[in-house]
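The values are calculated or read from the model by the stated rules, or taken from the named source; none is laboratory data. Everything quoted here is computed from the prediction, not taken from an experiment. All Cβ positions, glycine included, derive from the backbone under ideal geometry; neighbour counts span all protein chains shown.
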Amino acid sequence: MISREPTIERLAIARSLLLEPYGLSEATLSKALQTIATHRIDDADLYFQYTRSEGWSLEEGIVKSGSFASTRASACARSPARRPRSRTPTTFPRRP
């Protein structure tokens, strides 16, 4: 049996890092996707990313240098509505 607790915990982390700092909620994301859908869009995805990295350089047990980087990014990808194919049948000339 798969526990749902890790999933709930990951969702809480995602909300706290990606949504809450910008005043967003799942409801505002849903509303954004609904707004996109009104513009003849078949599909749309919202992407959010948070990256944090830390590095340390030691020499003989002494810290010689350190680095820290943190980035956040978001994007929206959409697929335009497909146009229906022409229903005009293709005709070929008859052979004599």
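Mind checking which residues of the range 57-78 are acidic (Asp, Glu) and either surrounded by 10 or more Cβ atoms within 10 Å (Cβ to Cβ) or not in a strand (DSSP E or B) (or both)?
Listed by number, the list holds a single entry, Glu60.
Which of the residues belonging to the range 24-56 are in contact (Cβ under 8 Å) with a residue 40 or more places away in the chain and acidic (Asp, Glu)?
Asp42, the sole residue that qualifies.
Considering only residues that are under 14 Å from Ala77 (Cα atoms), under 13 Å from the mean Cα position of the chain (by Cα) and surrounded by 13 or more Cβ atoms within 10 Å (Cβ to Cβ), which ones fall in the range 33-56?
Leu33, Ala44, Leu46, Phe48
So which residues in the range 1-32 are modelled with pLDDT under 85 and in a helix (DSSP H, G or I)?
So the first thing to find is which residues in the range 1-32 are modelled with pLDDT under 85, and the list is 1-6.
The answer is Glu5, Pro6.
On the basis of being at pLDDT below 90 and among the hydrophobic types (A, V, I, L, M, F, W, C), does Ala75 make the cut? Reasoning before the result, please.
On the way: at pLDDT below 90: yes; among the hydrophobic types (A, V, I, L, M, F, W, C): yes.
Here the answer is yes, as Ala75 does meet what is asked.
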